[in-house]
Amino acid sequence: MKAVGIILAGGGSERMKGLADIRAVAAMPVAGAYRAVDFALSNMANARINAVAVITQYSSRSLNEHLNSPSWWGFGRKQGGLYLLNPTITPDSTNWFRGTADALIQNLDFIKERHEPYVVIASGDGVYKLDLDDVLAKHVESGAQISVVCKEKNGLEAGRFGVIETDAEKRIIAWHEKEEGAEGELVNCGIYLIRRLRLIRLLEECKRQDNYDFVRDVLVKNLENERIKAYVMDGYWKNIASAQSYFECNMDMLDPALRRKFFYDHPKISTKVDDFPPAKFNDNAKVSNALAAGGTIVNGAVENSVLFKKVYVGDGSSVKNCVLLNDVYVGDGVTLENCIVEKKMKIEDGTCIIGDPNDVTVIA
Amino acid sequence: MVKKEMIAMLLAGGQGSRLGVLTQGMAKPAVAFGGKYCIIDFPLSNCVNSDVDTVGVLTQYQPLQLNTHIGIGIPWDLDKQVGGVTILPPYEKSGDSEWYTGTANAIYQNLTFMDSYNPDYVLILSGDHIYKMDYGEMLEQHKRSGAEATIAVMPVDWEEAHRYGIMVTDGNGKITEFEEKPANPKSNLASMGIYIFNYQTLRRALKELEHVPGCDFGMHVIPYVFRETDKVYSYEFNGYWKDVGTLTTYWETNMELTSLVPDFNLYEEFWQIYTSAESHAPAYLGADAQVTHAIIGDGSEIHGRVKRSVLGSNVIVGAGAKVIDSILMNGVVIEEGAVVRKAIIAENTVVGKNSRIGEGTFEQSRLDPKVYNSDLAVIGAGSVIPEGVTIGKNTAISGVTGPEDYPEGNLISGGYILKKEEKR
């Protein structure tokens with residue numbers, strides 16, 4: 001589709017119980033072999049968006065490393081490509097990005113220099129598969145000036161999301177941004193489609209008023225001036241920016257049908273490819289309902305868990321309902337239940353940690 | 001001017017006919033290994049790990065898989081502005097054109113390629129061995145000894161020595177005599193098929209021998225350089241090195257990877273082996289899966305029993321199915337209740353429900369006892385095995401087979417079915 005993609009990947013999260021200390025939320029490993037940002041990137045690549053910019057700021061090293069080549073997602077180098085937009089000092093500004101709109105405003109040159117008629121803006125912390133071509137088709141058909149991709153609220157916490165009310169034409173008439181107890185049928189997924197020239201105009205207006213937030217200052221403020229319509233997406237969508245939702249998202253990936261949809265069916269979600277050997281299961285391994293990524297070696301028992309790359313599980317250990325991130329070493333005779341273990345953690349022999357399934361323990 | 005100290009020429013054009021149906025549709029270097037790799041990944045990774053950044057890959061037999069796998073060399077960082085990897089197929093010339101008729105003839109036909117890098121040394125490799133080796137160390141010794149050619153050798157059991165090309169050396173590693181498969185070997189140092197030549201010496205030899213039919217390194221070029229210069233040295237290698245040229249050695253070498261701490265350990269960080277792979281979800285072991293002593297490739301889904309086996313990526317083992325002592329390559333599907341023992345099953349083959357592979361006792365092969373001479377049932381890429389049939393030991397199958405191909409539901413030990421129809 002004729003659009004430029006922008007992924008907002010500059011954020012940390014205090015709800016991550018320390019997991020976002022060392023990396024932006026968009027760089028969180030998901031489903032054993034992927035990173036959160038792969039979903040937004042792949043959706044854009046799958047809609048044949050050729051140029052995608054990823055805006056980074058918070059703890060960006062891990063993210064930069066992941067995005068080391070455009071070819072992992074099939075982006076080119078000449079006709080488009082993958083651009084990393086980091087905060088930078090210029091003669092006009094020594095500010096960090098002070099908000100999502102400010103991040104776009106400080107990169108307005110990039111948006112102006114592109115030629116595509118549309119811009120797709122997406123946050124980097126959503127796990128979903130979305131046909132952006134369909135979003136564009138509905139956008140044109142419905143006469144929207146801005147499309148906001150939404151999901152049925154269905155029990156999602158109002159305090160974490162923007163809750164949206166629409167009229168019969170799906171035009172957004174009220175927006176409750178992260179208000180506890182807000183009522184409405186839809187929540188904002190943080191994916192927007194807008195004409196590039198309109199975006200430039202709105203951002204310049206926002207800049208003149210010294211405003212910084214895309215939702216509050218560009219969307220909510222203009223609900224009456226612009227036709228802002230909701231596009232309601234089907235299927236799985238999860239924002240992983242809290243430890244509990246991150247845990248649930250990984251556990252959801254134990255469902256074969258969901259994995260098939262994301263990682264096997266065309267067009268699939270892609271990621272940077274590593275060179276680790278296949279997972280290895282030794283003589284006393286007892287593994288059921290679990291994912292095990294490359295380089296992993298299992299000697300003990302693993303149940304209902306996701307083992308990321310190069311995890312080691314020692315003899316006589318039992319790992320149940322856990323998410324073990326890259327390079328975690330679990331010694332012998334260890335018991336872990338309902339835990340997320342941060343990458344490279346070494347769990348000493350004989351350790352026993354049992355968390356609460358509804359309030360997962362993070363070992364970092 | 002372009003200048004490379006040493007370039008590598010990797011011979012990857014051979015069929016590897018002793019791998020039977022496994023190499024029916026692809027050259028031996030493209031055959032899968034260890035649940036993730038292709039055989040050629042080992043010499044290619046050795047090159048980049050040894051700082052050899054210019055590699056010519058000579059292809060001839062069934063090159064499609066190999067070409068696709070290597071591409072422009074991205075997985076090995078061999079997509080270089082100057083150098084990198086270049087695929088060198090035989091090509092038509094204005095005068096006489098010919099296929100590559102021998103290992104040295106293939107190199108001879110690519111003198112222009114080598115000249116363009118103006119190298120001091122050329123490393124000759126073959127694409128059919130599993131090993132990790134620092135060619136830089138070999139080059140150091142080559143320079144130190146003042147050799148015109150250096151041959152990598154490894155000590156083999158004296159009882160086995162009669163199966164190899166044997167090098168007799170003096171106390172300083174200088175080669176004094178060659179013996180090809182000697183009945184009474186004078187040495188146990190076997191040639192590994194890895195050579196370093198001073199480029200100008202190699203160039204002269206190839207020009208000199210240009211009319212020798214089927215010009216070969218071991219038979220013609222090395223003896224020529226030995227005769228002319230008397231400066232051919234051995235480089236002794238004591239690490240892990242396996243020729244996977246027969247079904248039995250191929251199977252054994254794969255199986256060794258599943259042991260607790262294998263001799264050839266792919267899990268150590270040092271000297272990484274790189275390969276070209278798509279992005280895959282992790283392997284999934286279902287609620288009733290039982291997997292022990294096995295390695296399972298990315299994207300595979302296991303619902304049955306897997307024991308002492310090597311599985312590639314995107315393999316599916318259905319509920320109640322058993323896979324024991326076997327190699328399943330990428331995309332193989334073993335349907336519910338099927339039992340697979342001592343089998344090598346190539347890419348994308350489907351084994352139907354409740355079929356049994358590897359039953360009975362060994363019988364001599366009716367197809368080719370030189371190739372098929374073990375208990376292994378071997379099934380080529382893209383084959384289909386129907387539901388509920390029984391397949392014996394030492395068998396070969398290729399193509400889409402139906403119940404009518406199995407009289408009384410059987411393929412007896414030593415038997416074979418080779419179908420010409422479209423593959424899956």
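Residues in region A:283-297 that are touching a Leu at 6+ places or on another chain (Cβ under 6 Å) and not in a strand (DSSP E or B): A:Thr296 alone. Counting only residues that are in contact with a strand residue (DSSP E or B) (Cβ under 9 Å, 6 or more places away or on another chain) and surrounded by fewer than 18 Cβ atoms within 10 Å (Cβ to Cβ), which one in region B:204-225 is nearest to B:Val306 (Cα to Cα)? Looking at residues that are in contact with a strand residue (DSSP E or B) (Cβ under 9 Å, 6 or more places away or on another chain) and surrounded by fewer than 18 Cβ atoms within 10 Å (Cβ to Cβ), I get B:Gly218. Scanning region A:316-327 for residues that are surrounded by fewer than 22 Cβ atoms within 10 Å (Cβ to Cβ) and either within 21 Å of A:Asp21 (Cβ to Cβ) or hydroxyl-bearing (Ser, Thr, Tyr) (or both) turns up A:Ser318, A:Asn326, A:Asp327.
For the condition within 23 Å of B:His303 (Cα to Cα), crowded, with 24+ Cβ neighbours inside 10 Å, in contact with a strand residue (DSSP E or B) (Cβ under 8 Å, 6 or more places away or on another chain) and more than 10 Å from chain B (Cβ to nearest Cβ), what is the one hit in A:Val313, A:Val306?
Result of the check over A:Val313, A:Val306: A:Val313.
Restricting B:Ala30, B:Ala8 to those that are under 18 Å from the mean Cα position of the chain (by Cα) and within 23 Å of B:Gly136 (Cβ to Cβ) reduces the list to B:Ala8.
If you go through region B:309-317 one residue at a time, do you hit one that is crowded, with 19+ Cβ neighbours inside 10 Å and away from chain A (no Cβ under 12 Å)? Yes, region B:309-317 contains at least one residue that is crowded, with 19+ Cβ neighbours inside 10 Å and away from chain A (no Cβ under 12 Å).
Beta carbons closer than 6 Å, at least 6 apart along the sequence or on distinct chains, pair a first residue in region A:17-40 that is within 12 Å of chain B (Cβ to nearest Cβ) with a second that is of a type in the set (Phe, Trp, Tyr) for A:Pro29/A:Phe308; A:Gly32/A:Phe308.
Residues satisfying the criterion are present in region B:303-315 (criterion: part of a strand (DSSP E or B), under 29 Å from A:Lys272 (Cα atoms) and among the polar types (S, T, N, Q)). The condition of being at pLDDT 95 or above and within 17 Å of A:Gly99 (Cβ to Cβ) holds for only one of A:Cys150, A:Cys206, that being A:Cys206. Every listed requirement among (1) outside any loop (DSSP other than H, G, I, E, B); (2) touching an Asp or Glu at 6+ places or on another chain (Cβ under 9 Å) is met by B:Glu404 save one, (2). Checked against (1) in a strand (DSSP E or B); (2) in contact with a Gly (Cβ under 8 Å, 6 or more places away or on another chain); (3) within 14 Å of chain A (Cβ to nearest Cβ), B:His293 passes all but condition (2). The helices (runs of 4 or more DSSP H) located wholly in region B:89-187 that include 1 or more residues which are farther than 25 Å from B:Ile39 by Cα and free of Cβ contacts under 8 Å to residues at least 24 places away in the same chain occupy B:111-115, B:135-145. In region A:246-274, of all residues being in a helix (DSSP H, G or I), out of contact with any Asp or Glu (no Cβ under 8 Å at 6 or more places or on another chain) and free of Cβ contacts under 8 Å to residues at least 40 places away in the same chain, the one that is farthest from A:Ala103 (Cα to Cα) corresponds to A:Ala257. Select from region A:283-297 the residues that are buried (at least 19 other Cβ atoms within 10 Å of the Cβ), within 7 Å of another protein chain (Cβ to nearest Cβ) and out of contact with any Gly (no Cβ under 8 Å at 6 or more places or on another chain) and list them in ascending order. Hits for region A:283-297 are A:Val287, A:Ala290, A:Gly294, A:Gly295, A:Ile297. For region A:328-358, taking the residues that are surrounded by 18 or more Cβ atoms within 10 Å (Cβ to Cβ) and part of a loop (DSSP other than H, G, I, E, B), the one that is farthest from the other protein chains (Cβ to nearest Cβ) is identified as A:Gly355. Whether any residue in region B:40-59 is on the phi > 0 side of the Ramachandran plot, more than 17 Å from the chain's Cα centre (by Cα) and in a loop (DSSP other than H, G, I, E, B) is what I want to check. Scanning region B:40-59, I find at least one residue that is on the phi > 0 side of the Ramachandran plot, more than 17 Å from the chain's Cα centre (by Cα) and in a loop (DSSP other than H, G, I, E, B), so the answer is yes.
Given the condition within 20 Å of the chain's Cα centre (by Cα), surrounded by 18 or more Cβ atoms within 10 Å (Cβ to Cβ) and modelled with pLDDT of 95 or more, answer yes or no: does some residue in region B:353-367 qualify? No; the residues of region B:353-367 include none that is within 20 Å of the chain's Cα centre (by Cα), surrounded by 18 or more Cβ atoms within 10 Å (Cβ to Cβ) and modelled with pLDDT of 95 or more.
The set of residues from region B:1-39 being aliphatic (A, V, I, L, M), buried (at least 23 other Cβ atoms within 10 Å of the Cβ) and in contact with a Phe, Trp or Tyr (Cβ under 7 Å, 6 or more places away or on another chain) comprises B:Met6, B:Ile7, B:Leu19, B:Ala27, B:Ile39.
Does B:Ala281 count as within 14 Å of chain A (Cβ to nearest Cβ), outside any helix (DSSP H, G or I), in contact with a helix residue (DSSP H, G or I) (Cβ under 8 Å, 6 or more places away or on another chain) and crowded, with 22+ Cβ neighbours inside 10 Å? Yes, satisfied. Checked against (1) crowded, with 16+ Cβ neighbours inside 10 Å; (2) modelled with pLDDT of 95 or more; (3) over 15 Å from B:Ala283 (Cα atoms), A:Gly184 passes all but condition (2).
Considering each residue of region B:226-241, count those that are surrounded by 19 or more Cβ atoms within 10 Å (Cβ to Cβ) and either of a type in the set (Val, Ile, Thr) or over 26 Å from B:Trp271 (Cβ atoms) (or both), and give that number. Summing the residues that are surrounded by 19 or more Cβ atoms within 10 Å (Cβ to Cβ) and either of a type in the set (Val, Ile, Thr) or over 26 Å from B:Trp271 (Cβ atoms) (or both) in region B:226-241 gives 1. Among residues that are more than 25 Å from the chain's Cα centre (by Cα) and on the phi > 0 side of the Ramachandran plot, B:Asn118 is included.
Here is a check on your reading of the model: is A:Tyr264 surrounded by 21 or more Cβ atoms within 10 Å (Cβ to Cβ) and more than 7 Å from every other protein chain (Cβ to nearest Cβ)? When the stated conditions are applied, A:Tyr264 does not pass them. Selection over region A:156-200 of residues that are within 20 Å of the chain's Cα centre (by Cα) and in a loop (DSSP other than H, G, I, E, B) gives a count of 4.
Being in contact with a Pro (Cβ under 8 Å, 6 or more places away or on another chain), in contact (Cβ under 8 Å) with a residue 40 or more places away in the chain and among the hydroxyl-bearing types (Ser, Thr, Tyr): is that true of A:Ser62 here? So A:Ser62 fails the test.
The values are calculated or read from the model by the stated rules, or taken from the named source; none is laboratory data. Small disclaimer: the values here were computed from a predicted structure and weren't measured. Every residue, glycine among them, receives a Cβ derived from its backbone with ideal geometry; neighbour counts consider all protein chains shown.
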